[in-house]
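Right, one structure below, let's go through it.
The values are calculated or read from the model by the stated rules, or taken from the named source; none is laboratory data. In this text, all values refer to a predicted model and were calculated from it rather than measured experimentally. Using ideal geometry, Cβ is built from the backbone for each residue, glycine included, and neighbour counts are taken over all protein chains shown.
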Amino acid sequence: MKILAIETSCDDTAISLVTINGSVSKPRFKILAHNVSSQIKIHQPWGGVVPSLAKREHSRNLVPLLIKSLTEAKLLKKKGKRTRDFSPALRLKIKKILEREPDLESQFLAIIPQLNIPKIDGLAVTRGPGLEPALWVGINFAKALAQVWNKPLYPINHLEGHILSILNTTKQATKNKIDKIEFPVISLIVSGGHTELILSKNWLKYKIIGQTRDDAVGEAFDKVARILGLNYPGGPEIAKLALSAKNLKPETLNLTPINLPRPMIHSGNFDFSFSGLKTAVLYLTQNLQTEQKFNQDIKAIIADDFQQAVIEVLTTKTLLACQKFKAKTIIIGGGVIANAALRQALDELADRHNLTLFLPDLSLSTDNATMIALTAGLRLLAGRQKNARIIKADGNLKLA
Ligand code: KG4
Ligand code: ZN
């Protein structure tokens, strides 16, 4: 089956087309199109994502991204069964669905009737968690397409998408093949909005065993980056700066014992807390500035120690969870797993403790729609995905 997936939960507008076959324990996938339109440049001046701007950009990006994706997947034909000319009643329905997205509405009504109906089996769309104004744009677009193309519509949980993005893992990302997944599995989600440890006793079963009590890991990266005067999003910037600390002269290092905290590392449970770590960076930076010792080298050392603190906490808790629940397989998902040092630390952890580790490809680490299509596909193969005509955005949607 072919799924067209739409993801607009934060500041990336994403559309993918994926073919899915096989069975739940042996799924087979082929990505026909994978497009992400990043809004980083729009939000950068504000130091973070501005929901109203994200909504506006999604509204403008979706139709062009759809055309690009259908073209890449060779599903856009010059001739072929055209989407019927919209009757006045259908136009009215579409206008109602898209009434809150004026940019999208005008593009939709101008362009979609000219397309042939693509040979797809259904549409998948992220319904949460995320920024609700942003989520609604994707949901309403998906609803309008499902209406005019007469296709089933599948609402998908973004977090489940991050976990299942490893289904399409290639050799570069992970040494292991999907058939090496042995339950129970411990999954770790590390994104801009979430830090969660999850126990799965079977496919599509999730029990949250620990989560952050304050900031998410990605959020901590972004806030610490801002304190250090770096651009948004902070994760890649901190990673780059931390790398430069490796080349610093010993004199600089000796002068600056940093010793940032490793919050809750020995708490004995699976919860996290990162806001204290961020505050520690803030005070340290302020003190160094007062003493006029804050320079590029010190900045790199702080970035490196912050990243190291995060890595130590994440790897320690993940290992503890595997030991407690006798899990042999670890799955990691979410934007922060794009971090090379974290990937390497997890790799070493898995080797040392004889665990099977699955990391997503880099292109599937940060937000994308392929993971949403993969999730819809796996749920359909398992007979666990319902067609829904009424979908509501849920900014706080939980894994269930
Ligand atoms: O999963 P994602 O794309 O969006 C959410 O669902 O939140 O994650 C975005 C987060 C941002 O906080 C960003 O700073 C972080 O992932 N991130 C990184 C790296 N690349 C992205 N954090 C650390 N190192 C990176 N290389
Ligand atoms: Zn995400």
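Numerical summary
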quantity: Qualifying residue in the stretch 330-338 (condition: under 23 Å from residue 205 (Cα atoms) and more than 13 Å from ligand 1 (Cβ to nearest atom)); calculated: yes
quantity: Qualifying strands (runs of 3 or more DSSP E) (wholly inside the stretch 1-120; at least 1 residues being more than 30 Å from residue 201 (Cα to Cα)); calculated: 12-22, 27-38
quantity: Single residue of 400, 388 found to be more than 16 Å from ligand 2 (Cβ to nearest atom), under 18 Å from the mean Cα position of the chain (by Cα), in a loop (DSSP other than H, G, I, E, B) and among the aliphatic types (A, V, I, L, M); calculated: 400
quantity: Tally of residues being touching a residue at least 12 places away in the same chain (Cβ under 8 Å) and outside any helix (DSSP H, G or I) across the stretch 269-291; calculated: 6
quantity: Flag for residue 265 being farther than 22 Å from residue 243 by Cβ, touching a residue at least 24 places away in the same chain (Cβ under 8 Å), away from ligand 2 (no atom under 16 Å from the Cβ) and touching a helix residue (DSSP H, G or I) at 6+ places or on another chain (Cβ under 8 Å); calculated: yes
quantity: Out of 187, 191, 165, sole residue that is over 16 Å from residue 329 (Cα atoms), buried (at least 23 other Cβ atoms within 10 Å of the Cβ) and within 16 Å of ligand 2 (Cβ to nearest atom); calculated: 191
quantity: Positions within the stretch 161-179 being within 12 Å of ligand 1 (Cβ to nearest atom) and in contact with a Leu (Cβ under 6 Å, 6 or more places away or on another chain), in sequence order; calculated: 165
quantity: Members of the stretch 201-224 that are outside any loop (DSSP other than H, G, I, E, B), within 19 Å of residue 317 (Cβ to Cβ) and of a type in the set (A, V, I, L, M, F, W, C); calculated: 208, 209, 217, 220, 221
quantity: Residue within the stretch 370-378 that is in a helix (DSSP H, G or I), of a type in the set (A, V, I, L, M), at pLDDT 95 or above and under 30 Å from residue 240 (Cα atoms) present; calculated: yes
quantity: Matching option when the condition is closer than 16 Å to residue 186 by Cα, surrounded by 15 or more Cβ atoms within 10 Å (Cβ to Cβ) and under 22 Å from the mean Cα position of the chain (by Cα), among 349, 359; calculated: 359
quantity: Scope the stretch 128-146; condition surrounded by fewer than 24 Cβ atoms within 10 Å (Cβ to Cβ) and not in a helix (DSSP H, G or I); matching residues; calculated: 128, 129, 131
